[in-house]
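Data block below; observations after.
Any read-out appearing in this document is the output of simple, stated calculations on the displayed coordinates, not a laboratory observation. Not measured: the values here are computed from a predicted model. Please note: Cβ atoms are built from the backbone with ideal geometry, for glycine as well, and neighbour counts cover all protein chains shown.
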Amino acid sequence: MRAKRLRLLCLPCAGASATMYLRWKRWLPEWVEVHPVELPGRGERLGEPLIDTFETQVVRLCEEQATRLRGDFALFGHSMGALLAYGMAARLRDVGRPQPCMLFASGSAAPSMRDPQRFAGLDSDEALIADLRQQGGTPEAVFESPELLRLTLDMLAADYRLCDSFRYRAKPPLPCPVQVLAGRDDDIEGERLEAWRRETEGAFSLEWFEGGHFFIRQQEERVLEAVARTLEERTAKDFHAATTAT
């Protein structure tokens with residue numbers, strides 16, 4: 001059975017724009033409509049002010065993406081993007097709106113297990129540059145261009161403030177299933193990834209990939225295969241449940 005069409009909203013990591021997902025439009029199956037989500041202050045929204053508080057960004061995202069957050073849709077986020085995707089799903093639940101058919105949390109500890117010291121000391125350009133190099137994934141051309149580096153550091157600083165503003169509040173688990181993707185060489189411990197299991201009353205899975213924090217670039221083909229497989233299985237289950245009910 002051919003999977004039915006659905007929208008996949010993709011949220012970027014800290015310091016990045018929607019362009020990190022552009023290739024996915026060509027590489028995922030045609031029935032998956034990839035929608036890279038551009039946050040204010042970057043890419044085609046460069047002229048807009050950066051948002052550096054979690055709740056403000058989540059509310060804005062749910063408002064701006066309202067027409068896509070209907071019918072069959074899924075959320076994918078890497079690192080900061082995973083936290084935003086979780087925030088969106090939680091807000092949709094709280095206001096009684098439809099849930100995604102799947103929440104993909106990539107390269108991110110569970111909301112209840114975030115490191116409170118992760119952003120300590122990252123309050124200067126020098127510290128941010130060192131952090132960028134440690135994380136990997138930033139093209140060398142960015143470091144060589146004063147203009148690109150300035151834009152990146154400003155985005156990164158705002159995004160780190162956004163992540164640091166997140167406060168976990170224990171609430172009922174999400175109705176939607178959660179799949180966690182992780183790099184074996186990332187510094188996020190397995191127990192902090194497994195803790196995502198407590199955030200869903202649906203199915204949970206954790207899939208490992210070779211590579212560090214930016215395994216989604218290092219292992220992009222395998223990541224996309226996993227995403228497509230999961231979405232196909234999920235839509236097939238939903239179709240079977242719907243036909244059985246009727």
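A residue that is part of a loop (DSSP other than H, G, I, E, B) and buried (at least 16 other Cβ atoms within 10 Å of the Cβ) occurs nowhere in region 150-165. Does Trp208 count as surrounded by fewer than 16 Cβ atoms within 10 Å (Cβ to Cβ), under 18 Å from Met113 (Cβ atoms) and of a type in the set (Phe, Trp, Tyr)? Yes; evaluated as a whole, the condition is true for this residue. On the stretch given as region 213-225, residues that are surrounded by 17 or more Cβ atoms within 10 Å (Cβ to Cβ) and either in a helix (DSSP H, G or I) or over 16 Å from the mean Cα position of the chain (by Cα) (or both) total 6. Test Thr67 against the criterion of being exposed (fewer than 14 other Cβ atoms within 10 Å of the Cβ), out of contact with any Cys (no Cβ under 9 Å at 6 or more places or on another chain), in a loop (DSSP other than H, G, I, E, B) and among the polar types (S, T, N, Q), and give yes or no. So Thr67 passes the test. Report, ordered by the first and then the second residue, all pairs with beta carbons closer than 6 Å, sequence separation of six or more or different chains, a first member in region 177-197 that is more than 16 Å from Met113 (Cβ to Cβ), and a second member that is among the aromatic types (Phe, Trp, Tyr). From residues that are more than 16 Å from Met113 (Cβ to Cβ), the pairs are Gln179/Phe104; Gly183/Phe209; Gly183/Phe215; Arg184/Trp208. Residues in region 58-73 that are touching a Ser or Thr at 6+ places or on another chain (Cβ under 9 Å) and under 25 Å from Arg217 (Cα atoms): 0 in all.
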